[in-house]
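Data first, discussion second: the structure below is written as structure tokens.
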Amino acid sequence: MNYQIAVIPGDGIGPDVVEQTLNVMDKVGEKFGHTFNYTKVLAGGCAIDATGACLPQETIDICKASDAVLLGAVGGWKWDNLPGDQRPERALLGLRKALGLFANLRPALLFEQLADASPLKPEILAGGLDIVVVRELTGGIYFGEKGHRDTDLGLAAYDIEQYAEGEVRRIAKVAFDMAMKRSKHVTSVDKANVLESSRLWRRVVAEVAQDYPEVTLDNLYVDNAAMQLVRNPRQFDVIVTSNIFGDILSDEASQITGSIGMLPSASLAEGNFGMYEPVHGSAPDIAGQDKANPMATILSAAMMLRYTFGLGAEADAIENAVKSVLDQGYRTPDLYAGQGTQVGTAQMGDLIAAAI
């Protein structure tokens, strides 16, 4: 098969980790008889430097014409003083909107080889950890009406949280479909004791649940969910929640696994189209120094193979290669704790490619 992939290396360590990911993808192509064609495009700070805009129209057009998008990272302190609507990170919101990416999948998987890196007690993690946070990505407070108004206490700013039934229904279906392939348990997170938007959210999720009688549905307020994630994370299978709550909870879930450098993500549109990126940021302080961990981006490519291209065996090959390299004791600097062999970005990429 022949696949067209738009590649956004981005800023900071983005180009470093993307380069190794493409090497691994090419190895998968060699083994399984696929051709992956890459078109590199600009977004983020590098796009601002080159074109004056964080998300050029050419980038949007090429992404739309591709089968999937692979993104490294965007942003960095170089552009910190730009106005909010001109910052590199605005490219992410623009891509989500332009590409219709409404469902963000953030797995929080504890690799047993890295269990010691988790801040949680071993007895809490006994038996492993495998959670997926399904975050609504194109609605809610991030995309709601914004503005300023005068008040008795001075100038006030506001951001409106709003959800329509259709937005909630489609993200709920993604969560329940995923649960059917896992442990058949969905936890919907909201703030229905306070927010009207959350009360609508909870009602619609309950309606969708009626179509999935095999799946158990729980409801948690977001403050309780945050507490339960560190108290007893193994109670969760699939968590579905709004844009802002998902933003926060998925980062919390990533930290209890021990290393943000291991965690991939997928942002999906209707159908099979998706954008795939690591959870970590651009880390400009180590860019170009052969120190970045490429495994989150490599595992994001595995999600691309699985969810967009339907290539399960190929995705398994990447995930098994990562586990094999970890079993052999190889660690990038963010994971190295005095045992095993410390390697750089390029060598880690080569080791994983060789293990395919």
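The values are calculated or read from the model by the stated rules, or taken from the named source; none is laboratory data. If you're wondering where the values come from, they're calculated on a predicted model, not measured in any experiment. Positions of Cβ are generated from backbone atoms using ideal geometry, with glycine treated the same way; all protein chains shown enter the neighbour counts. With ligands, DNA and RNA removed, areas are computed over all heavy atoms of the protein, side chains included. Shrake-Rupley method; radii C 1.70, N 1.55, O 1.52, S 1.80 Å.
Structure data summary
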| item | result |
| --- | --- |
| Whole-number Å³ per residue for the convex hull built on Cα positions in the stretch 19-62 | 72 |
| Per-peptide average of other Cβ atoms within 10 Å, ordering 116-127, 15-26, 186-197, 56-67 highest first | 15-26, 186-197, 56-67, 116-127 |
| Convex hull of Cα atoms in the chain, direction-averaged projection (nm²) | 18.9 |
| Distance from the stretch 251-325 to the stretch 179-198 (C-alpha centre basis), Å | 25 |
| With 10 Å bins from 0: P(r) over the stretch 55-153, alpha-carbon pairs, percent | 11, 28, 27, 23, 10, 1 |
| Simple label model, 7 Å out from Cα along Cβ direction - T39 to N23, nm | 2.7 |
| Stokes-Einstein translational diffusion, the stretch 292-354 - Kirkwood Rh over all Cα pairs, 1.002 mPa s, 20 °C, in µm²/s | 179 |
| Tensor-based shape of the stretch 180-333 (alpha-carbon gyration tensor, a/c under 1.5 rounded, otherwise prolate or oblate) | prolate |
| Dipole of the stretch 70-118, positive direction: furthest Cα of A117, A103, G84, with charges on the beta-carbon | G84 |
| Percent of C-alpha pairs per 5 Å bin, the stretch 124-260, short to long | 2, 10, 19, 21, 19, 12, 8, 4, 3, 2, 1, 0 |
| Rg [Å, one decimal], Dmax [Å, integer] - the stretch 1-102, C-alpha atoms | 14.3, 47 |
| Links that overshoot a 24 Å alpha carbon limit, given the list K78/K323; K40/K323; K121/K323 | K78/K323; K40/K323 |
| Sequence-distant aspartates and glutamates (8 or more away, or on other chains) whose Cα lies within less than 16 Å of K191 | E136, E161, D218, D223, D247 |
| Structure-based [θ]222 nm, the chain - -39500 (n - 2.57) summed over DSSP H runs of at least 4, per residue, nearest 500 | -12500 deg cm²/dmol |
| Cα-derived Rg to Rh of the stretch 194-276, Kirkwood definition | 0.98 |
| Gyration tensor verdict on the stretch 90-141 (Cα atoms; rounded if a/c is under 1.5, prolate if a/b is larger than b/c, oblate otherwise) | prolate |
| Kirkwood hydrodynamic radius of the stretch 119-168, from inverse mean 1/r over distinct Cα pairs, in Å | 15.0 |
| Accessible area per residue in Å² at 1.4 Å probe, computed on the stretch 88-168 | 51 |
| Theoretical FRET efficiency, 1/(1+(r/R0)^6), r = Cβ-Cβ of A164 and E123, R0 41 Å, to 0.05 | 0.40 |
| Fraction of accessible area attributable to carbon and sulfur, the chain (%, probe 1.4 Å) | 48 |
| In range of the label at A65: residues from the stretch 1-29 whose backbone nitrogen is under 15 Å from the point 7 Å along Cα→Cβ | 4-7 |
| Cα-based shape type of the stretch 248-330, given that a ≥ b ≥ c are square roots of the gyration tensor eigenvalues and the cut on a/c is 1.5 | oblate |
| The stretch 84-202: radius of gyration over Cα atoms, expressed as a fraction of 2.2 N^0.38 Å | 1.38 |
| Neighbourhood charge, 12 Å Cβ-Cβ cut-off, centred on G246 and excluding it, Lys, Arg +1 and Asp, Glu -1 | -3 |
| Projected label distance in nm at D316 and L153, using a 7 Å step from Cα toward the beta-carbon | 5.8 |
| Neighbour net charge for G349 - beta-carbon separation under 12 angstrom, K R +1, D E -1 | -4 |
| Helix runs (DSSP H) in the chain reaching 15 Å along axis by Cα, Kyte-Doolittle at least 0.0 | 165-180, 243-256, 295-307, 312-327, 345-355 |
